[in-house]
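The values are calculated or read from the model by the stated rules, or taken from the named source; none is laboratory data. Everything quoted here is computed from the prediction, not taken from an experiment. Every residue, glycine as well, gets a Cβ built from its backbone with ideal geometry; the counts of neighbours run over all protein chains shown.
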Amino acid sequence: MLVLPNAPPTPVQLNNPTPILPQSVLTLRSSLQRPSLSNYNESIRYVVNLEQYLDAIIDLAKSTDPVSTFICTNIPWSNISKGDVKSKLFKMKSSKAVVNKWTLSNELSMTSISATLIYHRVASELSNETISLDLELPAKPEDYNENWKQVMSLYKKSTSMMLFAQQIVQNEIKSNQGVLWINPTLYSFIMKVTDVSMQMSVLSKFLWISRYTFDRNEVVSAGNSMTLAKVAIYCMNEIDVIQRILEDLNISVENSIKSGSGVINLDYTDWNAYLQVVQRYINGYAGFYLAVQNYRDNKYGHALGLIQFSLLSLQSKKDLPTSSVLNTKVTLKHFRDRVSHRKQENILSNLSSVSTLDINESAFNGKAGIVLNDLSYLFDQLIRLNLKISSENNTLYFDEIVHWSAINNDSKWPIGCKIPVSQIEAYSPRQTKDKIEQDYTGRGEYY
């Protein structure tokens with residue numbers, strides 16, 4: 001579900017390629033330059049070709065030492081940062097010049113990272129396509145289970161790619177002799193993003209089913225709402241971790257500039273703004289599923305307070321409490337220090353007239369905007385659920401609404417947990433599609 005801005009890195013022309021690269025490998029690489037990734041099919045074709053190239057250089061690495069084998073004199077990938085901008089920003093000077101010699105090990109790692117992020121994009125495109133379906137009878141959500149199985153399969157393939165990349169970095173010798181090397185923090189960052197995306201795809205699937213049942217007969221589907229709420233809270237906690245890892249990426253760049261080593265990073269200049277919006281988006285999911293559970297338990301006041309919390313998470317210009325405080329007690333004063341009550345109450349008073357989601361769309365560029373579709377559906381479902389529960393409460397139950405500013409204490413947020421995923425092995429050349437598919441075929445559930 002997460003598609004990072006300015007990603008994936010894509011191949012550019014090699015400068016002064018060394019004789020170690022046979023013509024067959026150069027031909028495969030040349031076919032990857034200037035890819036068109038405007039839709040699902042083009043992304044699939046590209047990643048298939050990228051895997052063929054990866055298999056070829058893996059075979060090449062078997063006959064040489066990839067860490068000490070140089071293949072060109074430039075960094076032959078787009079959307080890459082070598083710290084030059086950071087150097088100006090922090091007004092630091094490197095203690096020595098970095099020799100731009102790209103190793104076979106660098107190429108293996110960056111190709112794996114690129115494939116991983118392409119699979120993120122393809123999975124998100126397929127999710128987006130599925131949740132946008134307007135099902136007409138006799139069609140039903142169960143008819144599209146294969147779509148969701150394929151989404152999970154794509155994320156598993158992403159994980160296998162990163163496990164392979166981590167094997168590469170474990171074998172690298174971190175030299176201080178002016179050699180370029182890819183920031184190892186990136187691997188844990190991307191692994192976390194993949195894990196969260198898997199879990200978010202589960203949330204998205206069941207929101208889609210909830211929309212379907214609500215559209216048909218205004219029945220609120222709540223069979224597994226507590227489980228889904230725990231998944232959403234798990235994602236909230238993991239996004240906090242991801243944001244901290246992103247801070248580490250910045251620190252490691254600073255340290256690299258000081259030491260003179262050539263650390264290679266992706267272009268993550270817009271990632272923080274993107275993750276901030278995603279955090280609010282997942283807050284909305286957590287509140288939605290907890291509201292559904294409270295509605296099922298006839299706790300109408302808690303349900304409405306949770307809906308208001310979710311809507312404010314999506315609409316507010318300032319952040320509401322994040323997952324780091326959901327399982328701890330916070331004072332009302334601390335809460336007020338972070339949120340402008342007057343503005344939030346004004347939003348709530350106009351909920352019935354809100355027709356469009358007011359979100360920072362500038363945080364999304366290119367395919368990173370895919371998540372906005374699901375976010376809009378979530379917002380719409382929250383509005384509709386708010387109207388339904390409010391109507392029932394105002395005519396039948398008259399339950400006092402728990403105020404949104406205290407909802408994280410009063411609703412007793414549960415501990416987050418993830419949906420277990422079957423074991424995933426590191427990528428190996430010509431790993432068959434059948435091996436990936438057998439992880440889910442015939443098991444009834446797609447994870």
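If the condition is being at pLDDT 55 or above and more than 30 Å from ASP59 (Cα to Cα), then the range 422-446 contributes no residue at all.
Among the residues of the range 2-13, is there at least one that is out of contact with any Lys or Arg (no Cβ under 9 Å at 6 or more places or on another chain), among the hydroxyl-bearing types (Ser, Thr, Tyr) and either closer than 25 Å to LYS192 by Cβ or not in a helix (DSSP H, G or I) (or both)? Looking through the range 2-13, none of the residues is out of contact with any Lys or Arg (no Cβ under 9 Å at 6 or more places or on another chain), among the hydroxyl-bearing types (Ser, Thr, Tyr) and either closer than 25 Å to LYS192 by Cβ or not in a helix (DSSP H, G or I) (or both). Among all residues of the range 33-40, there is at least one that is surrounded by fewer than 17 Cβ atoms within 10 Å (Cβ to Cβ) and outside any loop (DSSP other than H, G, I, E, B).
For (1) at pLDDT 95 or above; (2) β-branched (Val, Ile, Thr); (3) more than 17 Å from the chain's Cα centre (by Cα); (4) more than 27 Å from LEU382 (Cα to Cα), each residue gets a yes or a no:
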| residue | (1), (2), (3), (4) |
| --- | --- |
| ARG216 | no, no, yes, no |
| ALA222 | no, no, yes, no |
| ARG244 | yes, no, no, yes |
| LYS258 | no, no, yes, yes |
| ASP270 | no, no, no, yes |
| GLN276 | no, no, no, no |
| ASN283 | no, no, no, no |
| ILE307 | no, yes, yes, no |
| SER313 | no, no, yes, no |
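Here's the yes/no breakdown for (1) in contact with a helix residue (DSSP H, G or I) (Cβ under 7 Å, 6 or more places away or on another chain); (2) buried (at least 20 other Cβ atoms within 10 Å of the Cβ); (3) closer than 20 Å to LEU2 by Cα:
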site	(1), (2), (3)
LEU154	yes, yes, yes
LYS157	yes, yes, yes
GLN166	yes, no, no
VAL169	yes, no, no
SER201	yes, yes, yes
GLU218	yes, no, no
VAL241	yes, no, yes
GLU247	no, no, yes
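The set of residues in the range 216-239 being assigned to a helix (DSSP H, G or I) and under 13 Å from ALA291 (Cα atoms) consists of SER225, MET226, THR227, LEU228, ALA229, LYS230, ALA232.
Within the range 393-408, restricting attention to residues that are surrounded by 16 or more Cβ atoms within 10 Å (Cβ to Cβ) and polar (S, T, N, Q), which residue is modelled with the highest pLDDT? Checked the range 393-408; the qualifying residue modelled with the highest pLDDT is ASN393. For the range 290-308, the candidate set comprises residues that are charged (D, E, K, R) and touching a residue at least 12 places away in the same chain (Cβ under 8 Å); within that set, the residue that is farthest from VAL402 (Cα to Cα) is ARG296.
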